[in-house]
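Step one of this worksheet: look at the structure below.
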Amino acid sequence: MWPLRHPLAASGTPRLTGSYGRGARVLSIGLALTGVVTLAYFVLATYALEEEQYSAISLLWSITFVVATVIYRPIEQLLARTVAQGHDFGRVPAIIQAGFALTFLVAALVLRGPLMELFDGSQALYWILVVAVLAYAVSYFARGYLAGSGRFELYGGLVFVEAASRVLFPLAVVVGIAGGQTAVALGIAAAPLLSLVVVPWAVRRRADRSKAVVRGALTMRGGTGFAVSVLIIMAAEQTLINAAVLTTQAIAPVLVGVVFNALLIVRAPLQLFQAVQGSLLPHLATAEPWEFGRAVRTTVLTIGAFAGAVALGLLAVGPLVMGVFDVDYDYERLGLAAIGLGMGFHLVAGTLNQAALARDRAGRAAVAWLVAAGAFVAWLLTSVVADPVLRVEVGYLLATALLSALLVMSLRHSGYPPAAQ
């Protein structure tokens, strides 16, 4: 048995126990399609643009999703947990989300010059960044509410609409309807803007919501504390995914697109894994102890089998698969396999992280993520491995393995996981 029982587990709180598997399946379909379409966006972009222009698009994408994920996913996670537990979240998450968006806008305006320099002085790319990040505030808010209330089909539909609308822009350039770097980049901002059309309908409360057991309004102190801890976690996670693009930009700009493409091996499964995360946290937040342990163990074992298969596949045909990108670079098999194994550790860490959030261990989880992210950046800034691309691949594997170990130790120190039943 778990030594600590969640305080709401035995109450009349509405529970999503039966929806975990169904929700993961429904979201998996939507997010799998989303991952394929997102990959198509970048493949088309390599054909639509010159190498330097594609590198700028890669950088724009990285910055946009670093910022949006870091400042908005905390509210998504907060809503997923509190709505699932039957809390009346009230205005607190919306106020926090608006505060994050306003903070970003002020920072972006103050740093307009340096940001434009990153894009070689392009005002268009700068404003696309600003508009896209602001638009994602509403999108992530909707995702959290939909996950917490068990409306996984709408969650998956929302992110698919974004991806499908985005890919139309490089496609238009390839077929000759439009032209230029700005046309491709516009898809990054247009996607969340288009998704806003469905958000007011998607987040509308069900008519029977008033019949649910409400545990009281979420306090500003409680919501802010959770959100700040998850914000730190998200910043650290995005460091693991995107720091390599930024450091490569500083030491070998011509290889930015190469590194970005290699890390797409990570991005696609992570995007698909949102299906598991989106349904796992609401489930764990209300699960009985035995259900909690079984869900975590089953997820980790499944990830291990998947990551092993991916690593073997990359060893066999990795360079051939990476040849789909119109980039002049020969990827090493062992480096790609290292990325595949690191992806597995990353997904395991994501599972353990959801367990920590569900059991009010967000602070300890944040420390683990910070240590791993810091170690990864330190590795990237050294010259232990001379090849910048191989340095990223090996460093990612080491950092994610360290992260998983730290999260396991953190949970064990807190009395988790439970003894086998």
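Taken together, the values in this text are just the output of simple stated rules run on the coordinates, not laboratory data. The model shown is predicted, which means the values in this text are computed figures rather than measured ones. All Cβ positions, even for glycine, are placed from backbone atoms using ideal geometry, and neighbour counts span all protein chains on display.
Here is how the numbers come out for the structure above:
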| item | result |
| --- | --- |
| Computed over region 19-413, Cα set: Rg, Dmax in Å | 20.2, 62 |
| Electrostatic dipole magnitude of region 98-169 [Cβ: Lys, Arg +1; Asp, Glu -1; Cα centre; debye, to 20] | 180 debye |
| Approximate spin-label separation VAL377-VAL175, in nm, with each point projected 7 Å along Cα-to-Cβ | 4.3 nm |
| Selection from GLN274, GLY395, TRP379, by position along the positive dipole direction of region 266-421 (Cβ) | GLN274 |
